[in-house]
1. Quickly run through segment 269-324 and pick out the residues that are farther than 25 Å from Ser31 by Cα and aromatic (Phe, Trp, Tyr).
2. Filter segment 286-321 for residues that are among the acidic types (Asp, Glu) and farther than 22 Å from Val275 by Cβ and give the result.
3. If a residue has to be assigned to a helix (DSSP H, G or I) and either buried (at least 19 other Cβ atoms within 10 Å of the Cβ) or within 6 Å of the ligand (Cβ to nearest atom) (or both) to count, how many in segment 211-221 make the cut?
4. So in segment 192-210, with the set limited to residues that are more than 8 Å from the ligand (Cβ to nearest atom) and buried (at least 16 other Cβ atoms within 10 Å of the Cβ), which one is nearest to the chain's Cα centre (by Cα)?
5. Go through the residues of segment 61-83 one by one and say whether even a single one is assigned to a strand (DSSP E or B) and out of contact with any Gly (no Cβ under 6 Å at 6 or more places or on another chain).
6. Kindly provide the set of residues from segment 38-72 that are at pLDDT below 95 and either of a type in the set (Gly, Ala, Ser) or under 20 Å from Ile153 (Cβ atoms) (or both), ordered by number.
7. Against the definition (surrounded by fewer than 16 Cβ atoms within 10 Å (Cβ to Cβ), touching a Ser or Thr at 6+ places or on another chain (Cβ under 9 Å) and not basic (Lys, Arg)), how does Pro89 come out, yes or no?
8. Looking only at segment 79-104, how many residues end up being touching a Lys or Arg at 6+ places or on another chain (Cβ under 9 Å) and hydrophobic (A, V, I, L, M, F, W, C)?
Amino acid sequence: MAHALLSPSSAYRWMHCPGSVSLCRLFPDESSEYAKEGTLAHAYAAHILDPNQPKPAEAIPSENLTFVNDYVSYVERETAGGIRQIEFPVAISEVTGEANAKGTIDCAALVGNTLKIIDLKFGRGVRVEAEGNLQLSVYAWGAFQYFSLFDEIKEIELHIFQPRIDNIDSWKFTPAELETFVNNARACAAKALSYLNADPLPPESLIPSADACRFCKAKSACPALRQNAAEAVDFKPITEAGEAIPIIPEEALSPEKLGQNLILADLLEPWIAAVREEAHKQMLEGVHIDGFKLVLGRPGNRQWTSAAEAEELLKTFKLKENERYSYKVITPTAAEKLYKAGRIGQRQWPKLEQIITRSEPAPVVAPESDTRPAWTPAAQPTDFQPVN
Ligand code: SF4
């Protein structure tokens, strides 16, 4: 089945940049190592939750299996006592206007009168939020049609489970709010489809923004993003020609200028990454780009070709056992896994919990729209003037 042009996973892009649908058709779907890792994790999770789902043939690294098991426990807890569907295909063409379009939900469940949509996000690059999540809202509409056959749905919950960055997020809304969302999504989809045969595209059809462009296949060649980048680097001179240059240009470091530059940086970073990726791909195919060449990077970390052979050989070197082996105590995550498996008892686990520590999270810059509460630095002694 051909991949939908207006897929739920790209809903943010086509709802905010309608011309992107036309542009993205020109670029092939490419899978990355990260995407393959995520697909495998999803396949394992689906099989554990529903043995009717195919068992993946490929082995999964144990660290990733731990994350999968955490997700499975979360789904089981959230859907206990309800009707549950795993890897659930839903028709979405009534939202997107594309004939026979479908989306597949990681987990959809009706628990009491609450419809729950649970999504496993295996990436760690971008923190995904549940509130107003457009992809999950499209899924919710598809699932709503099915689950409302069983009982009245009074509330909808969207859940994001992103284990590799400890992000578990959920958001509730009403069926009436879902209806409003769907009407807006329909209008956006109709606009995107109206540009499909436009050549050239009208300028108002391409609307760059950090969130829309981040995962857009067209970004290395997008004229609108390139235009934004060109405008961004066209800084006005800080001084007039012939004027002395201040050592610290105050204007460039002002909160207003830094705020403007942060918005531009969010937009430029994905474009720069896309240009590098495209150049790398073409050069690997033998294309010459003036002024650039391919070189070999650093070799990978050294490892034994056969750990068993190394073990046997080291034994013959008359080394002591503690010189041949490095023993390490298991991590808190591994200990918790043993607790969940019943190998560490109910009374033993609290003792271990008392000696678990983790570093304080460091403050990071986030846009005002981020749903996490703002962090304020503690007042420093120098903030206060001495009282005479
Ligand atoms: S790169 Fe950004 S502006 Fe260009 S088509 Fe994609 S989403 Fe739209």
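The values are calculated or read from the model by the stated rules, or taken from the named source; none is laboratory data. Predicted model only: the values in this text are computed from it and were never measured. Please note: Cβ atoms are built from the backbone with ideal geometry, for glycine as well, and neighbour counts cover all protein chains shown.
1. Matches in segment 269-324: Phe292, Trp304, Phe317.
2. Glu309, Glu311, Glu312, Glu321
3. Of the residues in segment 211-221, 2 are assigned to a helix (DSSP H, G or I) and either buried (at least 19 other Cβ atoms within 10 Å of the Cβ) or within 6 Å of the ligand (Cβ to nearest atom) (or both).
4. Result: Ala210.
5. The answer is yes, given that some residue of segment 61-83 is assigned to a strand (DSSP E or B) and out of contact with any Gly (no Cβ under 6 Å at 6 or more places or on another chain).
6. Hits for segment 38-72 are Gly38, Ala57, Ala59, Ser62.
7. yes
8. Adding up the residues that qualify gives 4.
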